[in-house]
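Written out below as structure tokens is the structure these notes cover.
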Amino acid sequence: MNDISKPDIETLVKLQEAETQIFRLKTVLEKVEKEKENLSIRLKQFGNALEDHKENFSSAVKACRDIEMEIQIIDERIVKSNEKLRMVKTNKEYQLFLREVDDNKKRKDALETELLEHLDEKEKMEKIVQENENEYKLLKDQIDAEQNDIDKKSIDDRELLDEYLDRQEEIGKSLDPSLMNRFAKISKMNGGLAVVNVENEVCMGCFMNVPPQLYIEVQRGNSLISCPQCSRILYHINT
């Protein structure tokens, strides 16, 4: 229990009035930022899905290119084998190169069938990417508009918060720094409520009873008294 002047108690009450508004406004603005963050997360998730589709499309393009290159190599082998067929001198060599041509043609047929499947897949993926790119652009425009709207609606609260912060700083100049530190610590512990009224021996911060002798001291207003339960600074309004 420390001695304190009535003006200091009145200053603490004013400080609390500003703190209450600051805490309220910060809570509102935190909610606003969370809302904006959720919108950004939504856009990012859609963007990540779009990137996955693009990677799938790139893979499909690469698969088609690889098959086409292999088909080209096989065509070249077939041409060379046919040239060798015209130059062979024995039936054994002829059958060998003929089988080589036949094997290459079978491989080419299989690759062409596989290529058609990959071309279909590539076409589908390209369509998905195009659709998702359009949807992403629309979603981005929508989210940008929503976030701008949220910012516009919170301008007044941000300006009001700055006003209360300036007011609180100005009010606190007349208080001892140690008292200001105590106020800040108690406020942080109790959700922005550091100074509370006592009514009928009840702390209006935690709604617990205050011992009668302590209540009398609070009524006198000559000492800095904290609630035994919640540690908030107590004051009494004389009616």
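None of the figures in this text is laboratory data; all of them are computed from the coordinates on show. Remember, predicted model here, so these are calculated numbers, not experimental data. Cβ placement follows ideal geometry from the backbone for every residue including glycine, while neighbour counts extend to all protein chains displayed.
Greater than 28 Å separation of Cα atoms is the criterion. Which listed pairs, K26/K185; K44/K188; K34/K188; K34/K185, meet it?
In this structure, K44/K188 exceed 28 Å between Cα atoms.
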DSSP beta bridges in the chain: the antiparallel percent, rounded to 5, is 65
Placing one equal point scatterer on each C-alpha of segment 72-114 and summing with Debye, one gets log10 I(q)/I(0) at q = 0.15 Å⁻¹ equal to -0.36
Pairs of Cα atoms under 8 Å, at least six residues apart: use those to get the relative contact order of segment 28-173, whole percent.
40
Percent of Cα-Cα pairs more than 35 Å apart in the chain, please.
56
Dimensionless Rg ratio for segment 33-157, taking C-alpha atoms and the 2.2 N^0.38 Å reference
1.98
Can you list residues whose amide H is under 5 Å from I225's amide H, if they're 5+ apart or on another chain and H is modeled 1.01 Å from N?
L234
Under the classification rounded if a/c is under 1.5, otherwise prolate if a/b is larger than b/c and oblate if not, where does segment 124-239 fall, given a ≥ b ≥ c as square roots of the Cα gyration tensor eigenvalues?
prolate
For a protection proxy built on the mean count of beta-carbon atoms within 10 angstrom, sort 219-229, 8-18, 138-148 highest first, please.
8-18, 219-229, 138-148
How do 188-196, 120-128 rank on mean C-beta neighbours within 10 Å, highest first?
188-196, 120-128
Under 19 Å Cα to Cα from K108, which aspartates and glutamates show up? Leave out anything in the same chain fewer than 8 places away.
D66, E68, E70, D75, E76, E83, E100, E117, D120
Lone cysteines in the chain, going by a 4.7 Å Cβ-Cβ cut-off?
C64
Who wins for biggest fluctuation among L85, L29, L175 in a Gaussian network model of the chain, springs between alpha carbons below 10 Å?
L85
Can you give me the C-alpha center-to-center distance between segment 220-236 and segment 124-174, rounded to a whole angstrom?
41
Report, in whole Å, the centroid distance computed from the Cα atoms of segment 60-82 and segment 28-47.
50
Cross-link reach from K124 to lysines, straight Cα distance under 23 Å and at least 8 residues apart if same chain, gives K54, K62, K137
